[in-house]
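Note sheet for the following structure.
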Amino acid sequence: MKEKRVKDIFSVSDVFSSPKRLLLLEFFRKGPSKWTDIDNFFNKKTNVSASVSEIYKHIHVLKDNNYIAKRGNSYIITKRGMRAIDLVKEIANTEPKVPKVEMEF
């Protein structure tokens, strides 16, 4: 497997490995957000608690992997971030059914 492909797989799995990062991506879909908006989202509007350092860590992972970008004092979701959240929703809504496989001889 090519080195770039391996890096891409690790990059995606790193982002998708954290439910809090996925929540952040969903939150950023609503529009540009400042730090106070993000902190309020986690610690006041959800039942998910997160420390300041933990939120910063998640933001840096998303930013370093190009799922969000920083513009001035705000963070915004990128096309890659929007696509990621769409795929997560699609996977979550997919029926966990084994497809029928027919073999021909």
**Q.** Qualifying position, being without any contact (Cβ under 8 Å) to a residue 12 or more places away in the chain, within 26 Å of Ser13 (Cβ to Cβ) and not in a loop (DSSP other than H, G, I, E, B), among Lys30, Lys70
**A.** Lys70
Q | Top-ranked residue in region 73-85 [being part of a helix (DSSP H, G or I) and within 10 Å of the chain's Cα centre (by Cα); ranked as surrounded by the fewest Cβ atoms within 10 Å (Cβ to Cβ)] | A | Arg83
**Q.** Every residue from region 11-27 that is exposed (fewer than 12 other Cβ atoms within 10 Å of the Cβ) and either in a helix (DSSP H, G or I) or touching a strand residue (DSSP E or B) at 6+ places or on another chain (Cβ under 7 Å) (or both)
**A.** Ser13, Pro19
(Q) Which count do you get for residues in region 39-60 that are assigned to a loop (DSSP other than H, G, I, E, B) and exposed (fewer than 13 other Cβ atoms within 10 Å of the Cβ)? (A) 4
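Where a number appears in this text, it was derived from the coordinates with a stated rule and is not lab data. Owing to the predicted nature of the structure, the values given are computational and were not obtained by experimental measurement. Cβ coordinates were reconstructed from backbone atoms using ideal geometry, including for glycine residues, and neighbour counts include every protein chain displayed.
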